[in-house]
Amino acid sequence: MKKVRTETLAEYKRQGQKFSCLTSYDFISAEIFDQAGIDVILVGDSAADNVLGYESTIPVTLSEMASLARAVSAAAQRALVVVDMPFGSYEISAEQALKNAIELVKTSGAEAVKLEGGIRSAEQISKISAAGIPVMGHIGFTPQSVNSLGGYRVQGRGDSAAQALIEDAKAVEAAGAFAVVLEMVPASLATQVSIELSIPTIGIGAGSGTDAQILVWSDMAGYSSGKTRKFVKRYADLRSELLNAAKNYDAEVKTGKFPDTEHSFE
């Protein structure tokens, strides 16, 4: 299997070839997704509410992200591994962003970092990229800014908002990002941005006109609980499967059915 690199994604864009992305936060799921042919594995700060039990992505720390990414990096032989820079690790200055990006890459084994923001984060993207660390941008709905955005709302609706999003996308590209995530953006606008940019666009809730798609893996596989968002398609029902397995195990242990002679040493 040929290793996926940032230039691989650029070539996919030039050829009009779509590529796939999923989040992962552990060795086993990353190993499975890598074997499945997923091109980019993102160690997202979505681990905050999907793994660590936080109410949002805001509390997750740099060291927590590094630990999770280290497990994913150990498993992924083909996929490009990208790790999120958590809230508070890059907003203060470009120098702060570079320092923490270096620390994150050195301690996690990830091959690239992702940070949120368009024009406001352009200086940080430029500084990190110039140091030799590939950067993925993230615009549209940015989860780390959920409080200032007034909740989970589609971004880029209306002429002025759409123009602002296009300007953010172009700022990310000009700053040196190798790709940009478009989250919760009207499909027609995401398609327009994808046409105007030379770097790949990765959609989540942005329609089919982007160069790639990404989902949180536990949403994609039906592992998480609660109502899924409009843009999520479930490809399995792992939560029910695991629940049934745990119930069967519990029943067999309590009735003495497990372990039997087959699963015991003589």
Report P(r) for region 121-266: all Cα-Cα distances, bin width 5 Å, range 0 to the bin holding the largest distance, values in whole percent.
2, 9, 14, 15, 14, 11, 8, 6, 4, 4, 5, 4, 3, 1, 0
Note the angle between two axes, namely the Cα long axis of helix 27-36 and the longest principal axis of the Cα atoms of the chain, as a number of degrees from 0 to 90, rounded to the nearest 10.
70
Applying a 10 Å radius around every beta-carbon, put 94-103, 135-144 in order of their mean neighbour count, most first.
135-144, 94-103
Compute the angle between helix 159-175 and the longest alpha-carbon principal axis of the chain, please, reported from 0 to 90 degrees and rounded to the nearest 10.
90
At 1.4 Å probe radius, can you tell me the per residue accessible area of region 4-118 in Å²?
41
Given charges at Cβ of Lys, Arg, Asp, Glu: region 150-262 dipole, positive-most of Gly209, Thr255, Thr191
Thr255
Note to self: C-alpha centroids of region 67-142 and region 147-208 sit apart, in Å, by 19
Grab the alpha carbons of region 65-203, take their convex hull, and tell me the volume per residue in Å³.
111
Where the eigenvalues come from the Cα gyration tensor of region 33-108, what are the semi-axes √(5λ) of the equivalent ellipsoid, largest first, in whole Å?
22, 16, 10
One finds, for Ala36 and Leu149 with R0 = 41 angstrom and r their Cβ-Cβ distance, a FRET efficiency to the nearest 0.05 of 0.80
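Using a 10 Å cut-off on Cβ atoms, rank the peptides 47-57, 207-217, 252-262 from the highest mean neighbour count down.
Numbers: 47-57: 16.9, 207-217: 20.6, 252-262: 9.7.
Packing order, densest peptide first, comes out as 207-217, 47-57, 252-262.
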Return, for the Cα atoms of the chain, the radius of gyration and Dmax in Å, separated by a comma.
19.8, 75
Cα-centre dipole for region 1-99 with unit charges at Cβ (Lys and Arg positive, Asp and Glu negative), debye to 20:
580
Region 136-245: relative contact order as a whole-number percent, Cα under 8 Å and 6+ apart:
19
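Compare the peptides 226-235, 115-124 by average per-residue count of other Cβ atoms within 10 angstrom and give them in order, highest first.
By packing density, highest mean first, the sequence is 115-124, 226-235.
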Taking the chain and counting helices only, DSSP H stretches of n ≥ 4 at -39,500 (n - 2.57) each over all residues, the nearest-500 ellipticity at 222 nm comes to -12500 deg cm²/dmol
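The values are calculated or read from the model by the stated rules, or taken from the named source; none is laboratory data. Not measured: the values here are computed from a predicted model. Methodologically, a virtual Cβ is constructed for each residue, glycine included, from the backbone with ideal geometry; neighbour enumeration extends over all protein chains shown. To get the accessible areas, we keep the full protein, side chains included, count just its heavy atoms, and leave off ligands, DNA and RNA. Shrake-Rupley method; radii C 1.70, N 1.55, O 1.52, S 1.80 Å.
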